[in-house]
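Take a look at the structure below.
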Amino acid sequence: MSKITLDEYLMGRDKVAPLTKEQKTNAQKLLDSVNKLLSFFNKPVKVSSGYRPAQINKSVGGAAQSAHMTCEAVDLADPNSELARWCLKNLDKIKECGLYLEDPRWTPTWVHLQIRAPKSNNTVFIPNSSPPSRQNV
């Protein structure tokens with residue numbers, strides 16, 4: 001079973017931008033939820049983007065109010081869209097784990113999961129941006 005550790009999620013960025021108490025709480029809740037989901041998926045995954053301090057978030061073009069900054073979101077590498085397809089077929093598991101999935105058409109090589117409800121409150125949500133030119137799912 002694949003399991004994401006706190007160190008994998010933080011990506012060493014907490015050394016430069018230490019977490020607040022709220023961020024620590026969020027990170028633990030996120031990892032509990034994502035690791036529960038991964039126990040159902042049962043294949044190895046890697047974090048492609050975890051905690052993002054504001055400066056890093058801006059440099060990678062993240063949303064101004066990105067859930068990555070508050071430790072409420074993670075991106076998992078998914079080069080073949082296998083995890084994305086599994087998630088879309090198992091939305092009941094996404095809901096059971098208290099997660100929200102960014103529409104994989106906007107994330108062609110990764111899966112974005114978060115514990116913060118999007119404005120739409122939909123389990124699968126569309127971000128506030130144009131879709132990418134390439135769609136794998």
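Of the solvent-accessible surface of segment 18-94, computed with a 1.4 Å probe and all protein chains present, 52% belongs to carbon and sulfur.
The lysines whose alpha-carbon is closer than 16 Å to the alpha-carbon of Lys89, local same-chain residues fewer than 8 away aside, are Lys43. Net charge in the neighbourhood of Asp78 (other residues with Cβ under 12 Å of its Cβ; Lys, Arg +1, Asp, Glu -1) is 0.
Classify segment 39-91 as rounded, prolate or oblate from the Cα gyration tensor: take a ≥ b ≥ c as the square roots of its eigenvalues, call it rounded if a/c is under 1.5, otherwise prolate when a/b beats b/c and oblate if not. Numbers along the way, then the final one.
Working: a/c = 2.42, a/b = 2.26, b/c = 1.07.
Prolate shape, in that a/c is at least 1.5 and a/b is the bigger ratio.
Extension gain, Glu82-Lys43: 0.36 nm per intervening residue step, less the Cα-Cα distance, totals 13.0 nm.
Average accessible surface for the chain: 56 Å² per residue, computed with a 1.4 Å probe over protein heavy atoms with every protein chain in place.
Does segment 33-137 come out rounded, prolate or oblate by the C-alpha gyration tensor, with a ≥ b ≥ c the root eigenvalues, rounded set by a/c under 1.5 and, if not, prolate when a/b is larger than b/c and oblate if not? It is rounded, given that a/c, with a ≥ b ≥ c, falls under 1.5.
Taking every alpha-carbon pair under 8 Å whose residues sit at least 6 apart, segment 42-117 reaches a relative contact order of 32 percent.
Within straight-line reach of Lys24, meaning a Cα separation under 17 Å, sit the following lysines at least 8 residues removed in sequence or on another chain: Lys15.
The mean sequence distance of close C-alpha pairs (under 8 Å, at least 6 residues apart), as a share of the length of the chain, puts its relative contact order at 23 percent.
Computed on segment 1-62, with alpha-carbon pairs under 8 angstrom and 6+ residues apart, the relative contact order is 60 percent.
The values are calculated or read from the model by the stated rules, or taken from the named source; none is laboratory data. Keep in mind it's a predicted model, so treat the numbers as computed, not measured. So basically every Cβ, Gly included, is an ideal-geometry build from the backbone, and we count neighbours across all protein chains shown. Quick note on the areas: whole protein, heavy atoms, side chains included, nothing else; ligands and nucleic acids left out. Shrake-Rupley method; radii C 1.70, N 1.55, O 1.52, S 1.80 Å.
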